[in-house]
């Protein structure tokens, strides 16, 4: 078993400080905003607002296997089990914070919701706005079924331009364009470094697994736009490069290389990785981790550049785009197959996977679609997963043997 | 039904016939008119554009073919999308010439992508509308989308969407909306004068027949005398996406009267007039951006819940029945706050799973609805 990446410990410390910052904000005279993972946090850093991510909290609870208990608490409040588990975890932690490994989240002063990851978050945040009686800033980014529509671009840009005034009003501060540009530059740099980290997995054996990436992506989700995130990903990239130079792999021996589509099954991250590793299979890439490599171009109009970048994120694009990206990831990482996690909590990610899988299979790329849930461990059939994954790996090995 | 002035019985019979053979109704219209039909996913599309291009908008609610074999789609999709895919992939909608899909929710929005990726060869138009009229640039963006939709409709139909044709289509749609509003008024003023089954049939028929025909059907039922009226055991307000046949029958069976609704296939679909003068495309933009609060659009604060309970009070309802479609996230998201408000106001409230076509569910639904109606008698 290879040693853990040194960056993992640093990341835990960073994330701990991130969660503490929310609780300490009031003492420091700072405001707290909840925001969705696809919202432009760079604007908030500019005005010194502490960003808090309920989705990230959902992932943390998922990893800790606290998701089921928190979802149940939300269901007792009237939230249906069919709703996204992040959403239910968030509501559950409001009535049962003791069940959250980090004690829930500090209350927000306002909310920023962007629908570029799904429309579910809009309903979720509307409910939060009613509960806390705080303002909700909505950023509406039209889904891109094909090429970008110029009118959609203008619409999103108009909202991003107005966001500066909204935040100035909500914080009572004049808009600091210099700090905004600095945050945007940090964000761009962190994203580029994150992309470099992911690209290191083109090496054989790959220096990290996608399961590592799922954990290590915490700062790019929650802390992009900060110098800390840049420093963290620079250190991680250097560590990964060192591993590559020593030909150290996350899985040894590495016989099968797989790509993962959709959010991880947080509560099964370790068991699934271990199960695969025992069989010589490594998850070398994931579409979800790659989503945070999308970044703004440099521009005099930083707000417009960010608008363009946030509008073209992975989940705001059609199946054709997603299929092309998966093919690129498979090609660039020399992957042998794709595991599609059909995630009952994420309808936009999951509806269409069957079609993408069918097209990849037609071109000889082995695929399997597995049903589960990202954070509610009650919706996971362990035996079924193991049996199907095992059969999938055997099929790939058989095919690979023939090719080799 | 071809009569311009049908009797109420004829109108209801025709609505039933359309329910029983929706594709047949579309084929019949196509044979008579020699024109095309566009399948629309719910909820909000500027159908006037399609009508102005000489086409028939046909809205799929997923319950048109209850016996259609299931399609290969994930189990966590709602019955609207699953039903639509089952009927499309099962070849039940061969009479449809093209598809228009609005950005109602994640599942419906993705439907256009999945149809395309699955090899659907008919023309498809995804209409992504702004979530709120309050956002900067929303009117300009929607105007662009409506104009693009008109361009697509012209291509599909081979007919120009002229300003005059659009004005005519707006007038016909407005007339239908006014007629539906009169039906709702009648149901509130004379509880029981229109049964729940009749209401459900009429609401559904508007998704399947030309606006002029539907207006005539509604007018006939509104004009019907009140001799058959009875004193209802409960005055029920229906919230949710749609009243499927089973729940409507259960309400009638329990002796309840529907006096108001907030249904997707009901008030939300029919509400709001477009201006009949000035730029027609701008009129469609304004109509969409001033819609009543709906779970599929964005409203700040309590707007939707206030609006819902305002209408519950205005129609004199003494109960609120929420008809749930499982896996409908927009509706499920509002449900806890609707339930809480009903408790605060002391309004009897029940949420029931009322997915159409769920085998064996009608009996249990009837028992639950019956018990709800008996409450507080």
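Of note:
- Surface/4 of the Cα convex hull for the stretch B:8-162, nm²: 10.7
- Acute angle (nearest 10 degrees) that the helix A:382-403 long axis makes with the longest principal axis of chain A, alpha-carbon atoms: 60
- In this label model, residue A:173 and residue A:13 are separated by 2.6 nm, measuring between points 7 Å along each Cα→Cβ vector.
- Subtracting the Cα-Cα distance of residue A:65 and residue A:300 from 0.36 nm times their residue separation leaves 80.1 nm of extension gain.
- Crossing angle, helix A:319-332 versus chain A [Cα axis fit, 0-90 degrees, rounded to tens]: 60
- The stretch A:234-306 shape via C-alpha gyration tensor axes, a/c threshold 1.5: oblate
- Descending Cα extents along the principal axes, the stretch A:186-261, whole Å: 38, 28, 15
- With a 10 Å cut-off around each Cβ of B:73-85, the average count of Cβ atoms from other chains is 3.
- Packing-based order for B:141-153, A:292-304, using average beta carbon neighbours within 10 Å, highest first: B:141-153, A:292-304
- Packing rank of B:181-192, B:81-92, B:207-218, where each peptide gets the mean count of other beta carbons within 10 Å, highest leading: B:207-218, B:81-92, B:181-192
- On the beta carbon distance between residue A:245 and residue A:332, with R0 = 35 Å, the FRET formula returns roughly 0.95.
- Considering only Cα atoms, the convex hull volume of the stretch A:66-196 works out to 167 Å³ per residue.
- In the calculated pair-distance distribution of the stretch A:205-344, the portion above 20 angstrom amounts to 53 percent of the Cα-Cα pairs.
- Angle between chain A longest axis and helix A:269-278 axis [Cα atoms, degrees, rounded to 10]: 20
- Of A:112, A:325, A:32, the one that fluctuates the most in a GNM where chain A has Cα springs shorter than 10 Å: A:325
- Inter-label distance, residue B:343 to residue B:189: 3.8 nm, where each label sits 7 Å from its Cα along the C-beta direction.
- Across the stretch A:19-117, Cα-Cα pairs more than 20 Å apart make up 38 percent of the total.
- Spherically averaged projected area of the stretch B:165-374 from its Cα convex hull (nm²): 12.0
- Length released on extending from residue B:35 to residue B:163, taking residue separation times 0.36 nm less the Cα-Cα span: 44.1 nm
- Pairwise label distance in nanometres, residue A:399 with residue B:363, each label 7 Å out on the Cα-Cβ vector: 4.8
- Distance histogram for the stretch B:244-369 (every C-alpha pair counted, 5 angstrom bins, percent rounded to whole numbers): 2, 9, 17, 21, 20, 14, 8, 5, 3, 1, 0
- Scattering profile of the stretch A:300-404 at q = 0.15, 0.22, 0.23 Å⁻¹ [log10 I(q)/I(0), Debye over alpha-carbon scatterers]: -0.76, -1.25, -1.29
- Averaged over A:134-141, number of beta-carbon atoms from partner chains that fall within 10 Å: 3
- Percent RCO, i.e. relative contact order, over chain B, from Cα pairs under 8 Å lying at least 6 residues apart: 19
- Evaluated at q = 0.07 Å⁻¹, a Debye calculation over the C-alpha positions of the protein assembly as shown (equal weights, vacuum) places log10 I(q)/I(0) at -0.53.
- Across peptide A:290-298, the average count of Cβ atoms from other chains found within 10 Å of a residue's Cβ is 0.
- The distance separating the Cα centre of the stretch A:163-220 from that of the stretch A:327-400 comes to 28 Å.
- Fraction in percent of alpha-carbon pairs per bin - 10 Å, chain B: 5, 24, 35, 26, 8, 1
- Take every pair of alpha-carbon atoms less than 8 Å apart whose residues are at least six positions apart; their mean separation over the length of the stretch B:165-374 yields a relative contact order of 25 percent.
- Considering every alpha-carbon pair of chain A, the percent of pairs per 20 Å bin, from zero through the bin containing the longest distance, is 27, 60, 12, 0.
- Chain A: relative contact order in percent, alpha carbon pairs under 8 Å with at least 6 residues between: 19
No lab work stands behind these numbers, since they all come straight from the coordinates. Just so you know, these numbers come straight off a predicted model, no measurement behind them. As a convention, Cβ positions derive from the backbone with ideal geometry for all residues, glycine included, and neighbour counts pool all protein chains shown.
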